[in-house]
Amino acid sequence: MKIWNLTPENAPAIEQVAELLVAGFGDTGSASWRNLGEAIEEVENSLQPGRISRIAVNEQLVVLGWIGGLEEYDGNVWELHPLVVRQDCRRQGVGRTLVADFERQVAERGGHTIRLGTDDENCRTTLGGVDIYPDVLDKLRSIENVRGHLFEFYLKVGYHIVGVIPDANGYGKPDILMAKRIAPHSRGA
């Protein structure tokens, strides 16, 4: 497996990534990328300045996964958005490798922290499908994975839950906010 920059000139890879988005988010309950046109637009947006867009490919140049990111807070923070891995390549280290590569890319650009949101749009955690008000932080502290939600993957690669946006995607569909510091803190900085 190799990790490369996705570039505007690589039309076959752009189409493969768009197909991955449609297939990869189809079972999450997400309203994002329901068709190839929306997905291609998302991929093309990832190729803009101030963004990171990386693909994992095999020896036959088949795209196994894609990760994107957006610069925020003058480059101190980057949003990881999105990450998708082919269904037949999951649990084989592709996502973990893409995240590690993304962290290196951000560090090389002087970033300190990576943040992400991992939506629960189909009740895969104890926060989904329920009213988490008024004790939002208490419910967040006791979050459990009930049906294979990705927040556990991010915990395994060193991210921390830092918040939640209740009802971000509609009633009972929160966005779980996570972050990871990737650069050591230096005194006086």
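Using the charge dipole of the chain (Lys, Arg: +1 at Cβ; Asp, Glu: -1 at Cβ; taken about the Cα centre), state which of 128, 171, 140 has its Cα farthest towards the positive end. The Cα lying farthest towards the positive end belongs to 140.
Largest accessible area first, the listed residues 112, 149, 160 line up as 160, 112, 149 when surface is computed with a 1.4 Å probe on the assembled protein chains. Can you list the residues, at least 5 places off or on another chain, whose amide H is less than 5 Å from the amide H of residue 64, using H built in the peptide plane? Under 5 Å from the amide H of residue 64 lie the amide H atoms of 56, 57, 58, each far enough along the sequence or on another chain. Each 5 Å bin from 0 upward holds the following percent of the Cα-Cα pairs of the range 111-158: 5, 19, 27, 25, 15, 6, 3, 0. Which of these, 23, 179, 11, has the largest mean-square fluctuation under a Gaussian network model of the chain (Cα springs below 10 Å)? Among 23, 179, 11, the largest GNM mean-square fluctuation belongs to 11. Across 146, 164, 43, mean-square fluctuation computed from a Gaussian network of the chain (C-alpha pairs under 10 Å connected) peaks at 146. Taken about its Cα centre, the range 104-153 carries a charge dipole of about 280 debye when Lys and Arg each add +1 at the Cβ and Asp and Glu each add -1 at the Cβ. Restriction of the trypsin sites (Lys or Arg not before Pro) in the range 20-129 to DSSP coil positions whose beta-carbon has at most 16 other beta-carbons within 10 angstrom yields 34, 90, 91, 109. Of interest is the spacing of the C-alpha centroids, which for the range 1-23 and the range 70-109 amounts to 15 Å. Note: the range 1-95, Cα convex hull, 106 Å³ per residue. Max-minus-min Cα coordinates of the range 134-188 on each principal axis give 43, 25, 20 Å, with the largest extent listed first.
Two tests apply to each whole DSSP H helix in the chain, Cα reach of 15 Å or more along its axis and mean Kyte-Doolittle hydropathy of at least -1.0, and the ones passing both are 11-24, 94-108. Annotation: amide H of residue 123 within the under-5 Å range of 129, sequence separation 5 or more or interchain, hydrogens built in the peptide plane.
Other residues within the sphere of radius under 11 Å centred on the Cβ of residue 169, judged by their own Cβ, net out at -4 (K and R +1, D and E -1).
Could you give the accessible area per residue of the chain, probe 1.4 Å, as a whole number in Å²?
On a per-residue basis, the chain sits at 54 Å².
When the scattering of the range 64-182 is computed by the Debye formula from its Cα atoms alone, each counted once and equally, what is log10 I(q)/I(0) at q = 0.16, 0.18 Å⁻¹? Per q value, in the given order, log10 I(q)/I(0) is -0.78, -0.95. Annotation: lysines with alpha-carbon distance below 18 angstrom to residue 180 (same-chain offsets under eight excluded): 156.
Within the set of other residues whose C-beta is less than 13 Å from the C-beta of residue 181, count the net charge using Lys and Arg as +1 and Asp and Glu as -1.
Net charge around residue 181: +1.
3J(HN,Hα) couplings calculated from phi for the range 62-72 with the Karplus curve 6.51 cos²θ - 1.76 cosθ + 1.60 (θ = phi - 60°) are, in sequence order, 7, 6, 9, x, 9, 9, x, x, 10, 6, 9 Hz; Gly and Pro show x.
Taking all protein chains together and rolling a 1.4 Å probe, residue 177 ends up with roughly 40 Å² accessible. Its Cα centre serving as origin, the range 38-189 has a Cβ charge dipole (Lys and Arg +1, Asp and Glu -1) of approximately 700 debye. Taking the accessible area of the chain, probe 1.4 Å, and keeping the other protein chains in place, the carbon and sulfur fraction comes to 48%.
So what's Rg/Rh here for the range 40-107, counting alpha carbon atoms and using the Kirkwood radius for Rh?
Rg/Rh for the range 40-107 comes to 0.98.
Per-residue Karplus couplings for the range 119-129, computed as 6.51 cos²θ - 1.76 cosθ + 1.60 with θ equal to phi - 60°, are listed in order as 5, 10, 9, 9, 6, 8, 10, 6, 8, x, x Hz, Gly and Pro entered as x.
A helix-only calculation puts the chain at -8000 deg cm²/dmol for mean residue ellipticity at 222 nm, using -39500 (n - 2.57) for each DSSP H run of at least four residues, averaged over all residues. Of the GluC sites (Glu not before Pro) found in the range 100-188, those in coil by DSSP whose Cβ has at most 11 other Cβ atoms within 10 Å are 144.
The values are calculated or read from the model by the stated rules, or taken from the named source; none is laboratory data. Predicted model, so just to flag it, every value in this text is computed and none were measured. A quick note on method: Cβ atoms are made from the backbone with ideal geometry, for glycine too, and the neighbour counts reach across all protein chains shown. Side chains are part of the model used for accessible areas, which takes the heavy atoms of the whole protein and leaves out ligands, DNA and RNA. Shrake-Rupley method; radii C 1.70, N 1.55, O 1.52, S 1.80 Å.
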